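Trainee: Okay, here's the structure, questions in a sec.
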Amino acid sequence: MNILMTGGTGFIGRALINSLVKEGHKVTVLSRTPDTVNKIIGNELTSLSNLEQLSSKQHFEVIINLAGAPIFDKYWSDARKQVIRDSRIKLTEQLLAYIARASIKPELLISGSAIGYYGDQGDTVLNESSTPHHDFSQRLCADWESSAQQAEQFGVRVCLIRTGLVLAHEGGLLQRMLRPFNLGLGGILGNGQQWMSWIHRDDWISIAKFMISNTAMQGAYNATAPQPVTNRAFTKILAQHLKRPALFPVPAWFLKMLLGERADLVLASQRVLPERLLAENFHFQYPELLSALTEISTHHE
């Protein structure tokens, strides 16, 4: 199968590409720095720097759209917020322009989103049809999804993957948390009552491949494990697993002072369930947190 991917050099994209290439798929990666793609991922790929390089005759059965400037790494100035939006929405619009001129349309567009779509909702249990609470992350995700769904006018099946907190050994949320915990400085964030809807990266990859093979799937899906936990519970389980204390809570006021508006990313509460995936009989390899942490540490020490 011919697959076009954006965001292929990221934390999720690299692992997904490796999995797809092993299965024999041909992957083309869009990157601002195409010369680095093969260094990062390997030589089995085609890379390009601009979608305008694609002719109308080039055909991809599947497009996977994961591109986006990092949302946590830099202070959210107005200019940075615009970069975050443009890197997602404008690129999606460029994909739509390619789809419009392609003589044979792709069968499927898998487009990134996040559980930030729901906003801060406390203890409320959230599924794909839940009403969102509006903030910057919510508007970003909603506009990104709306842009991607325009591909449907060309007869393309669109799946939106609302990603939770992704866990794996060499990046993402867990890497940020491990540093203080390994120094014995771990602790709850804020009051610890906020819900963390997480997912093992292997399960995320399986979801994307499930969307490719199951042609009935369409619309938004929550890419989260079926057992979300509070930050307090996450902290306790991680500390016990690492055999480290968790004695140093980080007050909400300090996080807000340190991170500004980005503090919402660690203090906001989203208790998200993958109801549509479960209804499709998707099987989670790591449904509960301890099994995910055990796999990560066992295979990657």
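The values are calculated or read from the model by the stated rules, or taken from the named source; none is laboratory data. All figures in this text were calculated on a predicted structure; none of them were measured in a lab. Cβ atoms come from the backbone with ideal geometry, glycine included; neighbour counts cover every protein chain shown.
Trainee: Across segment 250-261, what is the total count of residues that are touching a residue at least 60 places away in the same chain (Cβ under 8 Å), farther than 16 Å from W76 by Cα and either in contact with a strand residue (DSSP E or B) (Cβ under 7 Å, 6 or more places away or on another chain) or part of a helix (DSSP H, G or I) (or both)?
Mentor: Going through segment 250-261 one residue at a time, the tally reaches 2.
Trainee: So, one more: Return yes or no: is I63 in contact (Cβ under 8 Å) with a residue 24 or more places away in the chain and in a strand (DSSP E or B)?
Mentor: So I63 fits the description; yes.
Trainee: Name the helices (runs of 4 or more DSSP H) wholly inside segment 262-301 in which the number of residues that are closer than 18 Å to V125 by Cα and either touching a strand residue (DSSP E or B) at 6+ places or on another chain (Cβ under 8 Å) or of a type in the set (G, A, S) (or both) is 3 or more. Let's see the steps before the verdict.
Mentor: On the way: elements: 264-267, 275-279, 289-299.
In segment 262-301, 275-279 are the helices (runs of 4 or more DSSP H) which contain 3 or more residues that are closer than 18 Å to V125 by Cα and either touching a strand residue (DSSP E or B) at 6+ places or on another chain (Cβ under 8 Å) or of a type in the set (G, A, S) (or both).
Trainee: Looking only at residues that are at pLDDT 70 or above, among the small types (G, A, S) and assigned to a loop (DSSP other than H, G, I, E, B) in segment 30-50, which one is surrounded by the most Cβ atoms within 10 Å (Cβ to Cβ)?
Mentor: Among those that are at pLDDT 70 or above, among the small types (G, A, S) and assigned to a loop (DSSP other than H, G, I, E, B), it is S31.
Trainee: What are the residues in segment 1-13 that are of a type outside the set (V, I, T) and buried (at least 17 other Cβ atoms within 10 Å of the Cβ), if any?
Mentor: Residues satisfying the conditions are L4, M5, G7, G8, G10, F11, G13.
Trainee: Considering each of V27, V21 in turn, give the residue that is modelled with pLDDT of 90 or more, out of contact with any Phe, Trp or Tyr (no Cβ under 9 Å at 6 or more places or on another chain) and in a strand (DSSP E or B).
Mentor: Values: V21 fails: in a strand (DSSP E or B).
When all the criteria are applied, what remains is V27.
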